[in-house]
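Before any comments, here is the structure.
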Amino acid sequence: MLLPATRDSIARAAVLLRQGGVVAFPTETVYGLGALAFDARAVARIFEIKGRPSFDPLIVHVADRSMLQEVVGVVPAAGETLIERFWPGPLTLVLAKRPAVPGLVTAGLSTVAVRMSDHPVARGLLEAVGSPLAAPSANPFGRLSPTRAEHVARMLGDRVDLILDGGATTHGIESTIVALEPRPVLLRPGAIAAEQIEALIGPLERVTPASAVRAPGQLAQHYAPATPLRLIDPGLVPDPERRRAGVITLRDPYEGYSASRILSRRGDLREAAAALFEMLHALDALGLDRIDAAPVRESGLGLAIMDRLRRAASR
């Protein structure tokens, strides 16, 4: 069931969640698929609905510092600095978890990924429920993240108890994930540029493809459309190969493709990140043989864009 996000529908969603239901809701990044974080049976439904492997941990969403204390133990000094600057907002921190957090949420790890959204619907839902929510993106595992309620409805349908429609998301790309101990590590680039974080707490170590999974979104194959995608300079693609393909670029148009999407005619990486999944959903719906994606510079939010494109292309 899909309903506009109103005070009444949020209250209805809160009742469903307290009864062990699963609800899709908007955040400032992408739509999340939420269940009570302390209800292991409800959390198991998230994995079932998404077809998500149990070794991939979930993000826990909190409304305030009081709710954060239910989920994590001590927050290190660097974490306090980042919370003060970026929360509420699209930053996820990996912190030592409290024993009450089910192992299914954290894939058996001693840490938990947690964030505080600044989206009014997400915040309203958390306040109405009064308890932390485990909520990965509201899509089948490995597929494109949803930036509109209709994306959730198309991909998951009536497997979800309720979908709250809050319109298009603002950032359009997932949160940045940072682990802090034993040293600060960028686990997933996202809506907050790594450079902004480093300006506050110093250099962030980068994970390698062989690194163990410590947070959501670290698997090599992820964020993929159903249509095969390759990361390539479209200018090198021969004309015959363009006829049944689509192309997505930062700002430069390319002739001869069946369909074309430009992320930002100004070359603005923030605008491009916000449009990325929306444009990929549009191309994916056209029944093309392939999507060609042009690389962007890997600085600022370009790092997050290239991260998503590489994972989509690895499929």
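A short reminder: the numbers here are calculations on the coordinates, not readings from a lab. As the structure is a prediction and not an experimental result, all values here were calculated from the model. Because the Cβ atoms are built from the backbone with ideal geometry, glycine has one as well, and the counts that use them run over all protein chains shown.
Quick notes on this one:
- Among 142-150, 256-264, sorting by the average number of other beta carbon atoms lying within 10 angstrom of each residue, highest first, gives 142-150, 256-264.
- Inter-site label distance for T6 and T81 at 7 Å from Cα along Cβ, in nm: 4.7
- Mean Cβ count within 10 Å, highest first, over the residues of peptides 228-241, 96-109, 281-294: 281-294, 96-109, 228-241
- C-alpha long axis of helix 269-284 to longest principal axis of the chain, angle in °: 70
- Computed from the C-beta positions of V15 and T170, the FRET efficiency with R₀ = 25 Å rounds to 0.35.
- Tensor-based shape of the stretch 2-75 (alpha-carbon gyration tensor, a/c under 1.5 rounded, otherwise prolate or oblate): oblate
- Other-chain or far-sequence residues with amide H under 5 Å of G34's (modelled H): V23, A24, F25
- Under a 5 Å amide H cut-off, with hydrogens placed 1.01 Å from N, A224 pairs with R143, L144 among residues at least 5 apart or on other chains.
- Approximating the spin labels as points 7 Å out from Cα along Cα→Cβ, the E181-to-R159 distance works out to 3.6 nm.
- When the convex hull of its Cα atoms is projected in every direction, mean area for the stretch 93-196 (nm²): 7.8
- Shape call, the stretch 131-289: gyration tensor on alpha carbons, a/c limit 1.5: oblate
- Prolate/oblate/rounded label for the stretch 54-137 (Cα gyration tensor, a/c 1.5): oblate
- With contacts taken as Cα pairs under 8 Å and at least 6 residues apart, the chain reaches a relative contact order of 20 percent.
- The candidate values are (i) 44; (ii) 29; (iii) 11; the one derived from this structure for percent of Cα pairs over 38 Å apart carries the label (iii).
- For the stretch 110-131 and the stretch 30-67, distance of Cα centres in Å: 11
- Nearest-0.05 FRET efficiency for R251 and L286, computed from C-beta distance (R0 25 Å): 0.75
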